[in-house]
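In what follows, a structure is listed as structure tokens, so that the remarks can point back to it.
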Amino acid sequence: MTEICWVAPRIQDSKYALGFEHARLVIGPDMRHFKLMKKAEIVEVLEDIAVLLELKGENPFKIRAYAAGARALDTLEDALEDVIAEGRLASIKGIGSALVDKIETLHRTGELEYYTKLRDSIAPGLIELLEIPGLGGKKVKKLHDALGVESIDALKAACEAGEVAALKGFGRKSEEKILSGIANRAAYAKRHLWWAARAVAEPILEGLRALPEVERAEAAGSLRRRKETVGDLDFIVASEEPAPVMDWFVGQSGVAEVSAHGATKSSVRFESGLQADLRVVPPAQFAFALHHFTGSKEHNVAMRQRALARGYSLSEWGIFKTGERRVQDGEQSLQDGEITSEAQLFEFLGLQEIPPEMREGMGELELYAAAVKGDDLKSVPRLLEASQIRGVFHNHTTASDGQDTLEAMATAAKAHGWNYLGIADHSKASYQAKGLDDARVFKLIEAIRALNESGKSAVHVFSGIECDILPDGSLDLEAATLEALDYTVMSVHSSFTQSEDVMTARVIRAIEHPATVMLGHPTGRILLRREPYKIDLQKVIDAAIANRVIIEINANPHRLDMDWRLWRRAAERGLMCAINPDAHDVAGLAHYEAGIHIARKGAIPPEQVLNCRDCAGVARWFEERK
Ligand code: DGT
Ligand code: CA
Ligand code: CA
Ligand code: ZN
């Protein structure tokens, strides 16, 4: 369960943050901490119960009652509070009498004894097996009954012995799938979402900075470079008195294990599995240590080579004339002689300051070198800033599987300081997400028009749709419907296992449709959970550029595709991007920040980010596309 516990509370709401296609068992102690449980969380508990009952081999009617109850609750149009307050829960189709009490209890207290007891009655190893893609309650029960499998290790051994392939209802293919699921799970468990890691790092950083002995404290490593996933946290502190800082660090609440407690270096592991390193250095070394431990390794190698070529050796301790002590003053161009900041270190080596996001050893030194002389400032990337964002696209409302209304989302957009908000609910093929058919799209367009004209919305709302790209590449809605919207986002939500050729042709066909404005989450990856589907992204990028289609940066911290590694080249070739939080509630809008990090890592110039345009500029882009 490591990865689940890991997800910060704001994105804990799993499948709702991700879209229905990621429905997946989420059983965690976190559930118990909620008071006044939200509808989405109750749906998850009911779904969990159905799976657990399956695993126990209970009566199918009972199982179906929970599954049906979950579905009925999920598609409930009215607010759950109201339905409960008016005593209408029992009258809702699909919610049996046995469920009414349980739903009310969950809603009121966030707890359900029946659920807790059920979970506790099952071996934890079996519950863990449910995390492997493709294994539901029924299959886990079969594996347990037939092979006595009760842990992931045992399942792996059974697969390797060919016992699973021989089982009725499994076969060689599903054995392979289970094995790759187990391998992925092990790799995923080693890393953590950036968003979740940041939530852990922030209070630690605040705690360190509040210590009287601490002069400066920063989080370095991949967290500072804003990588999409983080292996461990790296804190660097400047202090003359390391001992009390170390003691505070290893004594923090939540520390499960102290792996090292040294004079200047300590390492801890939190209950969630995330580890953190702390290094305390004398203030004069801080800039060097911060730079070194920010990395990346590849960036450091390039920096060291540059220093060597100039007759210096660079390390976390400082910069020395080869064979001598640390550079203090004299021939150096530094005003005050000392290097006390990263900017000065870069300048000393003839570089503009390289932002941490760009320090991935992908040629950044060349990009930031010439500019110091002032003759080629063009070559220094201008990275996107949060203050340049004027609105965001691709957000869901209660019209499909969002948790908040159109009006609430617009109000929240205003609170972010934006001028506009793009709505893009699901289309009908995403039936589990209550996707809209053509008629409902027209109603939504009308509702958005009315809201804009009423003057009640503080931001302008653009009407859009997240329209499914069907397996053959055709679109889920009529061309006339798509044309009536301000803009469209086309996404794949089904048939993920198509061959690379078929998937690539499918997506390109959608890109070539005249009504397509944006391509949504182009790889379907769920970080640390699901691999991208097979697709030739270079061909997709070519098609998008040729057709002036925007590729989104899906800013949901679980997705973050298209990947930043592809953006640098694609942006140079003129590809436009939009930062799309894919928010399923008002809190989800804040994820745009993770999208900014990807745009920065991808060095996408602000002119190529649609969100930097004002309302009229965005409207013009949409209009010119038609
Ligand atoms: P992570 O934790 O796997 O997400 O990635 P990082 O980049 O945070 O790596 P980590 O925590 O192993 O080390 C932090 C930084 O320390 C790393 O980015 C660069 C520096 N560093 C660590 N080991 C080496 C090394 O062997 N050579 C060089 N040049 N730098 C290193
Ligand atoms: Ca690290
Ligand atoms: Ca580390
Ligand atoms: Zn989607």
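Considering the stretch 191-217 alone, what residues qualify as being of a type in the set (Lys, Arg) and under 17 Å from Pro557 (Cα atoms)?
Arg191, Arg198
Tally up the residues in the stretch 256-286 that are touching a Pro at 6+ places or on another chain (Cβ under 7 Å) and surrounded by 14 or more Cβ atoms within 10 Å (Cβ to Cβ), please.
Total satisfying the criteria: 2.
Of all residues in the stretch 393-418, which are crowded, with 23+ Cβ neighbours inside 10 Å, among the small types (Gly, Ala, Ser) and either assigned to a loop (DSSP other than H, G, I, E, B) or not assigned by TED's automatic domain parsing to the domain that holds Ile553 (or both)?
Ser400, Gly402 - these are the residues of the stretch 393-418 that are crowded, with 23+ Cβ neighbours inside 10 Å, among the small types (Gly, Ala, Ser) and either assigned to a loop (DSSP other than H, G, I, E, B) or not assigned by TED's automatic domain parsing to the domain that holds Ile553 (or both).
May I ask you to say which residue of Val492, Val502 is closer than 27 Å to Phe442 by Cβ and assigned by TED's automatic domain parsing to the domain that holds Arg559? Step through it out loud before you land on a result.
Details: Val502 fails: closer than 27 Å to Phe442 by Cβ.
Answer to the check: Val492.
Quick one: Asp30 ticks every box in (1) among the acidic types (Asp, Glu); (2) at pLDDT below 90; (3) more than 28 Å from the chain's Cα centre (by Cα) bar one, so which box is it?
All conditions are met except number (3).
Across the stretch 174-199, what is the number of residues that are farther than 13 Å from Leu135 by Cα and assigned to a helix (DSSP H, G or I)?
13
Which residues, taken from the stretch 42-62, are out of contact with any Ser or Thr (no Cβ under 8 Å at 6 or more places or on another chain) and in contact (Cβ under 8 Å) with a residue 40 or more places away in the chain?
Ile42, Val45, Leu46, Asp48, Ile49, Ala50, Val51, Leu52, Leu53, Glu54, Leu55, Gly57
Is there a residue in the stretch 90-107 that is under 16 Å from Ile42 (Cα atoms) and acidic (Asp, Glu)?
Yes; the residues of the stretch 90-107 include at least one that is under 16 Å from Ile42 (Cα atoms) and acidic (Asp, Glu).
Any residue that is farther than 28 Å from Ala289 by Cα and either touching an Asp or Glu at 6+ places or on another chain (Cβ under 7 Å) or in contact (Cβ under 8 Å) with a residue 40 or more places away in the chain (or both) - is there at least one of those in the stretch 154-162?
Just the residues of the stretch 154-162 that are farther than 28 Å from Ala289 by Cα, to begin with: 154-162.
Now narrow it down to the ones that are either touching an Asp or Glu at 6+ places or on another chain (Cβ under 7 Å) or in contact (Cβ under 8 Å) with a residue 40 or more places away in the chain (or both): 159.
Checked against the condition, which is being farther than 28 Å from Ala289 by Cα and either touching an Asp or Glu at 6+ places or on another chain (Cβ under 7 Å) or in contact (Cβ under 8 Å) with a residue 40 or more places away in the chain (or both), the stretch 154-162 yields at least one hit.
For the stretch 215-223, state whether one or more residues are at pLDDT 95 or above and more than 16 Å from ligand 2 (Cβ to nearest atom).
So in the stretch 215-223, the residues at pLDDT 95 or above come out as 215-223.
Still in the list and also more than 16 Å from ligand 2 (Cβ to nearest atom): 215-216.
Yes, that holds for at least one residue.
Scanning the stretch 301-310 for residues that are free of Cβ contacts under 8 Å to residues at least 60 places away in the same chain and not basic (Lys, Arg), which turns out nearest to ligand 4 (Cβ to nearest atom)? Before the answer, list the steps.
Here is the first cut: in the stretch 301-310, the ones free of Cβ contacts under 8 Å to residues at least 60 places away in the same chain are 304-310.
Those left that are additionally not basic (Lys, Arg): 305, 307-309.
On the way: Gln305: 43, Ala307: 46, Leu308: 48, Ala309: 48 Å.
Going through the qualifying residues, I end up with Gln305.
Restricting attention to the stretch 571-583, does a residue exist that is surrounded by fewer than 16 Cβ atoms within 10 Å (Cβ to Cβ), closer than 25 Å to Pro356 by Cβ and acidic (Asp, Glu)?
Yes, the stretch 571-583 contains at least one residue that is surrounded by fewer than 16 Cβ atoms within 10 Å (Cβ to Cβ), closer than 25 Å to Pro356 by Cβ and acidic (Asp, Glu).
For residues that are outside any strand (DSSP E or B) and closer than 12 Å to Val214 by Cα, scanning just the stretch 261-283, find the one that is nearest to ligand 4 (Cβ to nearest atom).
Pro283
Among the residues of the stretch 215-238 satisfying the criterion of being in a loop (DSSP other than H, G, I, E, B) and within 12 Å of ligand 3 (Cβ to nearest atom), which is surrounded by the fewest Cβ atoms within 10 Å (Cβ to Cβ)?
Gly231
I'd like to check something: does the stretch 240-255 contain any residue that is in contact (Cβ under 8 Å) with a residue 12 or more places away in the chain, in the same structural domain as Gly295 (by TED's automatic domain parsing), surrounded by 14 or more Cβ atoms within 10 Å (Cβ to Cβ) and within 16 Å of ligand 2 (Cβ to nearest atom)?
yes
State whether one or more residues within the stretch 241-260 are under 29 Å from Arg600 (Cβ atoms) and either in a strand (DSSP E or B) or within 16 Å of ligand 1 (Cβ to nearest atom) (or both).
no
Look at the stretch 43-90 and say how many of its residues are within 24 Å of Ile127 (Cα to Cα) and of a type outside the set (Phe, Trp, Tyr). Full working, then the answer.
Within the stretch 43-90, the first condition is being within 24 Å of Ile127 (Cα to Cα), and the residues that meet it are 43-71, 74.
From what is left, the residues that are of a type outside the set (Phe, Trp, Tyr) are 43-60, 62-65, 67-71, 74.
Final tally of qualifying residues: 28.
The values are calculated or read from the model by the stated rules, or taken from the named source; none is laboratory data. From a predicted model like this one, the values you see are computed outputs, not experimental measurements. In this analysis, Cβ positions are derived from the backbone assuming ideal geometry, glycine residues included, and neighbour counts consider all displayed protein chains.
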